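These notes concern the structure reproduced below.
Bear in mind that the values in this text are calculations on the coordinates, not laboratory data. This structure is a prediction, so every number in the text was calculated from the model and none was measured. Note that we place each Cβ from the backbone using ideal geometry, even for glycine, and neighbour counts take in every protein chain shown.
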Amino acid sequence: MSRNGYFVTDQYGIYFLTFTVVGWVDIFTRPECKNILIDSLNHCKTSKGLILYVYVIMSNHIHLIAQTKESSQGMSVFIRDFKKFTARQLINWFLTSNTESRSSWVLPLFQSHGQNNSNNDLFQVWQPDNRPMQICTSEFAIQKVGYIHLNPVRAGIVDNPEEYLYSSARNYANRKDFILEVELLDLLYTL
């Protein structure tokens, strides 16, 4: 469920999702933090029934197009568990990193957000809203795939989507140097 009128209505449908760091803090500028997300997504794919079609990891948010297998506990459980696990891992990294210079202000910010949310014990990394949008038409899927893959281009990081390492644009461009395997959406026939 979401606070702004967006809901997971079909636990096994295909969804466009956005996970945003509280305060829009740019924590994914660090490879270690991006790798926490990559490792968690890989784990969810192999052990939690996640089918990942499209993704991009930006400096302070990620976008996914994903689905959960019918043998899994559904999309809502994936969202909850993914956010909870990655938040713990990210907080632990900030607490234990000897090289992270921003811990002195990032951790208090996470703590401040956590104290204002009764669902958290101490820290909050992710904003509560995921804006799940079910993908029901090829046109909507094509629009969201383009939106996701063009994020690094619009941010001025790369000139072409497939140049960005932390994106499935490389998979869709048939490059072999991607970092995360995805199931390619056949946009003309899948939906």
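Distance between the modelled labels on Arg175 and His43, one decimal in nanometres: 2.7 nm (7 Å Cα→Cβ projection). Largest GNM mean-square fluctuation across Leu107, Leu90, Leu122, computed for the chain with C-alpha springs under 10 Å, falls on Leu122. Neighbours of Ser40 by Cβ distance under 15 Å: Lys/Arg scored +1, Asp/Glu scored -1, total +3. Look at the alpha carbon pairs under 8 Å that are at least 6 residues apart: their mean separation over the length of region 15-172 gives a relative contact order of 29 percent. Of the residues Trp126, Ser167, Phe110, the one whose Cα sits farthest toward the positive end of the charge dipole of region 69-191, with +1 on the Cβ of Lys and Arg and -1 on the Cβ of Asp and Glu, is Phe110. In this model, which of Lys48/Lys83; Lys48/Lys84; Lys48/Lys144; Lys48/Lys69 are farther than 18 Å apart at the alpha-carbon? Beyond 18 Å: Lys48/Lys144.
Hey, in the GNM for the chain with a 10 angstrom Cα cutoff, which one of Val77, Val56, Val125 fluctuates hardest? Looking only at Val77, Val56, Val125, the largest GNM fluctuation is found for Val77. Separation of region 1-61 from region 101-161 is 7 Å, based on Cα centroids. In this rough spin-label picture, where each label sits 7 Å from Cα along the Cβ direction, the Ile51-Ser101 distance is 4.6 nm.
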